[in-house]
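**Student:** Below is the structure I would like to discuss, written out as structure tokens.
Please treat every number below as a calculation from the coordinates, not as lab data. Just so you know, these numbers come straight off a predicted model, no measurement behind them. Neighbour counts are summed over all protein chains in view; Cβ atoms, including those assigned to glycine, are modelled from backbone coordinates with ideal geometry.
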Amino acid sequence: MRHIHINLKIELWLKSFFSKAKIMKRTSIFNAVIIGIFLNSFGLFAQDKKWTLEECVSYAMEHNISIKSSDLDLQLSQIDKKDARGAFLPTINAGANHSWNIGLNQNITTGLLENQTTQFTSANLNVGIDIYKGLQNQIQLRRSNLAILASRYAVTKMQEDVSLNVVNAYMQILFNKENLKVQQKQLEYDSKQLERVTQMVEAGNVPQGDLMDIQATVANDNQLIITAENNLLISKISLAQLLQLEDFETFDIEATTMDVSHSAVLMENASEIVKKAMESRTTLKVASSQVELAEKDLQLAKSRYLPTLQGFYSFNTRAAYADQVVGYQINPNNPFSVIGTVEGTNQNVVTQNFSPLLGSPDDLWQQFDNNKGQNFGLSLNVPILNGLSVRHNVERNKVNVLKSKLNLDTEKQNVQRTVYTAFTDTKAALKSHEAALSTLEFRKKSYEYAQERYAVGLITIFDFTQAQTLYANAQSEVLRTKYDYIFKTKILEFYYGIPLVSLNN
């Protein structure tokens, strides 16, 4: 019926459009029709959108901020694993340097101090590889795998928590909708009673006080409707916020009715449900993974007691832009110099004085080739005393292991207590609902009896409206206990391993 209604609106819109567009060109009309159909139909479908429970949960899985944050934590864990893998690779670093020396400095050619400007270029390559590092890299890689698993458990736990909140919010809307219908029906009936009593007062059949009583009842009904409408709006806003929707005003869920059914889980023993929960609860998986992570951190801390062995290799070369010595010649100004005397004869010992012949520097690449050098070897590091930091870190991680184990034990106790509480609450909720149904049946009979007595004038309008109010309250209580039981049943089934909703995606 909804699609027929939409198609009818589109057809009427098209007729109106063509009647007003006779002077437009045919191509313009065609383009406008296409755009108009798209916008009009989009608006109609947007207004008629009703969310099912499955759609709400599925949408929340993709858009909820808390789930997105947990997904980002998972991505960080995956990056940490890449770091752990990269630790097995050798380190390779290359560098280059070019410098200018301006002012008084030593001439590398003559060895004399001169005011000059010289340039130098150097390049290097360094390679290092861990041969033995106390198994730190292997432990870190195993820890990163555990961290990814823990992050996935955390994402799953967040999805479960959000799902529970969505289901609870969805059922709260259903309850508020049905409760609003009860109040509206009550107002409709009391309004008719007001008209009837007004006519009877005008005819002199009943006193003026009866009219005042029914008027007060109608006013109270209006107040209850306002409260019910406000509760419904707040519940819609709460669910829309869980879904990260901005359009609160038009948000609504599909009109559906959830019937009370006796869950097979209630036929199980509470200890059996606890056993199932111990196997499936994500909170325990998260706590267990935290224990394993703490143990890996302890292993990593202990590995720093062990020596490390690293291989290294380096290559370097350099080039200068200053003139170089290409040969030697006898100094024409001072061809000889005395270097000593002969003992006994005091005869001078002379030698020839040679001066260097300077030439332009070699080609840059030729200098790099001529001046290259290599260095390689092994580096052993044995930790002996480092301010007791390694020992203190080991002790700190031992404490963290104990804390994580205590946290796991606490989570196990919480699961056990929560399951037993949920089991007891669900049974109590079922009994409350059955008692509410029984109360409703008696209130209905009491109301019908009061209606008969009021019709023959045996009771006042005040007594009649009191019976009517109790009947309306009993209807609301049936609704409250109904959805309370349904939600608690879903929680108990969830602990047993049954999904909250079936998502077809």
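**Student:** Over the stretch 66-145, what is the mean sequence separation of C-alpha contacts under 8 Å (at least six apart), divided by residue count, expressed as relative contact order in percent? Don't jump to the answer; show the numbers that get you there.
**Tutor:** Values: 80 pairs, mean separation 28.6, N = 80.
Relative contact order for the stretch 66-145 comes out at 36 percent.
**Student:** Distance between Cα centroids, the stretch 185-203 to the stretch 215-239: provide it in whole Å.
**Tutor:** Measuring centre to centre over Cα atoms gives 22 Å.
**Student:** Over all alpha-carbon pairs of the stretch 184-244, lay out the pair-distance distribution in 10 Å bins, whole %, shortest bin first.
**Tutor:** Result, from short to long distances: 22, 32, 20, 14, 8, 3 percent.
**Student:** Excluding V197 itself, calculate the net charge of residues whose Cβ lies under 14 Å from the Cβ of V197, where each Lys or Arg counts +1 and each Asp or Glu counts -1. Intermediate results must be reported in sequence, preceding the final value.
**Tutor:** Numbers: positive: K192, R196; negative: D190, E195, E202, D210, D213, D463.
So the surrounding residues net to -4.
**Student:** Counting pairs of alpha carbon atoms under 8 Å apart in space and at least six apart in sequence, what relative contact order in percent does the chain give?
**Tutor:** Numbers: 589 pairs, mean separation 99.8, N = 505.
Normalised by residue count, the contact order of the chain is 20 percent.
**Student:** Rounded, prolate or oblate: pick one for the stretch 339-405, where a ≥ b ≥ c are the square roots of the eigenvalues of its C-alpha gyration tensor, a/c under 1.5 means rounded, and failing that, prolate if a/b is larger than b/c, else oblate. Before the final figure, lay out each step's value.
**Tutor:** On the way: a/c = 7.30, a/b = 2.52, b/c = 2.90.
Verdict is oblate for the stretch 339-405.
**Student:** For the stretch 410-505, state which chymotrypsin sites (Phe, Trp or Tyr not before Pro) are in a DSSP loop and have at most 12 other beta carbons lying within 10 Å of their beta carbon.
**Tutor:** Values: sites: Y420, F423, F442, Y447, Y449, Y454, F462, F464, Y471, Y483, Y485, F487, F494, Y495, Y496; in loops: none.
The qualifying sites: there are none.
**Student:** What's the percent breakdown of Cα-Cα distances in the stretch 387-505 across 5 Å bins, shortest bin first?
**Tutor:** 2, 10, 11, 10, 9, 9, 8, 7, 7, 6, 5, 4, 3, 2, 2, 2, 1, 1, 0, 0
**Student:** Next question, about the same structure. Determine, for D71, D484, the number of other Cβ atoms within 10 Å of each Cβ, and report the residues in order from fewest to most. Working shown, then result.
**Tutor:** Details: D71 17, D484 20.
Ordered from fewest to most neighbouring Cβ atoms within 10 Å, D71, D484 come out as D71, D484.
**Student:** Set Lys and Arg Cβ to +1 and Asp and Glu Cβ to -1, take the dipole of the chain about its Cα centre, and tell me which of V166, A84, Q119 lies farthest positive.
**Tutor:** It is A84.
**Student:** Something else: Where nothing but the Cβ of Lys and Arg (+1) and of Asp and Glu (-1) is charged, how large is the charge dipole of the stretch 67-181 around its Cα centre, in debye to the nearest 20? Write out the running numbers ahead of the final one.
**Tutor:** Working: 11 positive and 9 negative charges, 101 e Å.
Dipole size: approximately 480 debye.
**Student:** Roughly how many whole Å is it from the C-alpha centroid of the stretch 271-346 to that of the stretch 115-147?
**Tutor:** Each part's Cα centre sits 6 Å from the other's.
**Student:** Assign unit charges at the C-beta atoms only (+1 for Lys and Arg, -1 for Asp and Glu), then state the dipole size of the chain relative to its Cα centre in Debye, rounded to the nearest 20.
**Tutor:** Details: 50 positive and 51 negative charges, 169 e Å.
My answer is approximately 800 debye.
**Student:** Right, another one. If you work out volume of the Cα convex hull per residue in Å³ from the coordinates, which of (i) 167; (ii) 383; (iii) 136 do you get?
**Tutor:** (ii)
**Student:** Which whole-number percentage describes the relative contact order of the stretch 299-447, with Cα contacts under 8 Å and a sequence gap of 6 or more? If you can, show how the numbers build up before the last one.
**Tutor:** On the way: 128 pairs, mean separation 44.0, N = 149.
This gives 30 percent for the stretch 299-447.
**Student:** Still on this structure, I have one more. Determine the sum of side-chain charges near M278: Lys and Arg each +1, Asp and Glu each -1, restricted to other residues whose C-beta is under 13 angstrom from that of M278.
**Tutor:** Values: positive: K275, K276, R281, K285, K412, R417; negative: E272, E279, D409, E411.
Charge balance in the 13 Å sphere: +2.
**Student:** When K276, K445 are ordered from fewest to most other Cβ atoms inside 10 Å of their Cβ, what list results? Please list the in-between numbers first.
**Tutor:** Numbers: K276 17, K445 11.
Lowest to highest Cβ neighbour count: K445, K276.
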